[in-house]
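Quick notes on the structure that follows.
The values are calculated or read from the model by the stated rules, or taken from the named source; none is laboratory data. All figures in this text were calculated on a predicted structure; none of them were measured in a lab. When we count neighbours, we look across all protein chains shown, and the Cβ atoms used for this are built from the backbone with ideal geometry, even at glycine. We work out accessible area using only protein heavy atoms, side chains counted, and drop any ligands, DNA or RNA first. Shrake-Rupley method; radii C 1.70, N 1.55, O 1.52, S 1.80 Å.
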Amino acid sequence: MKNSFMKQVWSFFISLKLTITILIIISITSIVGTIIPQNEAAAVYLRFYKPSTYKLIHLLDIDNMYHSWWFIALLTLFTLNLICCSLNRFPAFWRMMTKKEKDLDEQLLQTLPLKKTQRLKSFDHRAWEMIISTVTKHLPVKSAALSPSGTYRLFAEGGKFSRLGFYITHFGIVFIIIGGILGNLGYQGYMQVVEGSANDTMVLRGTTREKKLDFSIRCDDFQVTFYEGGRKPKDFTSDLAIIDGGKEVKKKRIEVNDPLQYKGVWIYQSSYGTTSGEGSLTLGVQNRAAGDQSRNYQAAAGQRIPLDEPGYEIEVKRFVPDFSLGKNNQVVSRSQELKNPAAQIALFKEGSLLEEQWIFQNFPDFHGTGKGPYRFTLLNVSAKEYTGLQLTRDPGVWVVWLGCFLLCVGCYVICFLSHQRLWIAVEPKKGDFTLTMAGSSSKNMLSFSQTFTRIQQELKRLDKADSIA
């Protein structure tokens, strides 16, 4: 009973129906994964789907489909199916690869697609050597001998290992799938590094979870160039340094598609922006009552500084590089570029809050200038820039590359190489000799038939014999 169960399990895994079913399911799910955005925030899905639909999408991991347990299970099942099918065919393949080819006789001759017979008026050992030399130009000769019956027999073959193309291709696919599954053991995330500082913490993609690296990344310099006549970036680069164990171990200038690699982590140039919490703001402060000229003060976000008049202080409570109003009129920054710089200013007297207001560099009179004793303007922003980095660690990447290489080799072997076999027998008959030549190819018979014809024509010249078949 146990053997019967194992046979059923084995039959299941080597089933062609299983292969077709899995491929159809993978194809359908891949289409779904292409249509439905992957690894986006919940708000993105709720814009297009009802809450109940999004709940189902999230429950089934369709929003992170290619990393879901059921998709990995599908790939694993497909891998087992490929391996079992390959193993099931291996005994017959090995017998074919190791068997000794039969001598050319009438029974074998009838099964071969290419055959030719011609009469030789004379034949000797020298002519036999010339036949061997002629065939060797086209195919490796495996055996050539005189049989006890007086018949000269030759067997040549080439490309025997082209039959391995099936296995090479299968193993290539298996390695690609295994490499993809191993990739799930890695991570991908994003990091912002302010120019002149270092960071060792990244935010994992599609989550709010942070991951601490065992090394730090320092940005020594950041440069961005724009297309003429606008603010569209043409190129941006970052001079990065890797700090490991308190020592600088590696430096490189990175740009888009030219990453830095360290400890299996690839660090890509992804974005850039302006920090809202660092850098310096130049504020203009004018006393309304005195009517004097505006006086300039330097302050940073979160910093409280005293004014010239005793008892008065101002604090930059918040700075945003690109002011906008979001949901419920909440102040947000549409981007990290200095497109609409704004600062929230608080005025204090003897420690007590007098007023708060937003001031804008591009619109100094927007929403008035407040009703307090001072008029505030945002004159200049020298905020620090940060470089946005994408960090990726994929332990399966080299397994995938190996699989791709094997897949290419396997496809080349299957499409362009073939197992070619050639038999020649020279038999004495009625005072002269009969030469019989036959051959076959596992594929691309047109090409082999041309080789077969060339060999036959070259052999004709040896004796200028007449063809009789």
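Numbers for the structure displayed
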| read-out | value |
| --- | --- |
| Residue-span extension gain [ALA73 to ARG288] - 0.36 nm each, minus C-alpha spacing | 70.2 nm |
| Links that overshoot a 19 Å alpha carbon limit, given the list LYS349/LYS384; LYS116/LYS460; LYS211/LYS384; LYS115/LYS460; LYS142/LYS430; LYS137/LYS443 | LYS349/LYS384; LYS211/LYS384; LYS142/LYS430; LYS137/LYS443 |
| Full-extension gain in nm, GLN8 to SER30, via 0.36 nm per residue minus C-alpha separation | 4.9 nm |
| Within straight-line cross-link reach of LYS252, lysines at Cα separation under 19 Å, skipping those fewer than 8 residues along the same chain | LYS263 |
| Given charges at beta-carbon only (K, R positive; D, E negative), |dipole| of region 245-362 in Debye | 700 |
| Whole-percent carbon and sulfur share, accessible surface of region 4-46, 1.4 Å | 76 |
| Spatially proximal lysines relative to LYS234 (Cα-Cα < 19 Å; intrachain offsets below 8 disregarded) | LYS339 |
| Label zone at SER147 (point 7 Å along Cα-to-Cβ), backbone N below 15 Å, region 416-460 | 423-429, 434-438 |
| Per residue accessible area of the chain, 1.4 Å probe, in Å² | 58 |
| Relative contact order (%) - criterion: Cα under 8 Å, at least six apart; region: region 281-381 | 28 |
| Cut-off 15 Å between beta-carbons: net charge of the residues surrounding GLY264, Lys and Arg +1, Asp and Glu -1 | +1 |
| Within straight-line cross-link reach of LYS99, aspartates and glutamates at Cα separation under 14 Å, skipping those fewer than 8 residues along the same chain | GLU157 |
| Region 417-465, dipole about Cα centre (Lys/Arg Cβ +1, Asp/Glu Cβ -1), debye to the nearest 20 | 100 |
| Nearest-20 debye value, region 2-97 charge dipole, Cβ charges on Lys, Arg, Asp, Glu | 440 |
| FRET efficiency estimate (nearest 0.05) - Cβ-Cβ, LEU353 to PHE416, R0 56 angstrom | 0.10 |
| Within the accessible area of region 281-381 (1.4 Å probe), percent carbon and sulfur | 47 |
| Computed E for TYR187/GLU309 - FRET, C-beta separation, R0 41 angstrom, nearest 0.05 | 0.15 |
| Stokes-Einstein D for region 320-469, Kirkwood Rh over Cα pairs, 4 °C, 1.567 mPa s (µm²/s) | 52 |
| Using distinct alpha-carbon pairs, which all enter the 1/r mean, Kirkwood radius of region 281-381 in Å | 13.9 |
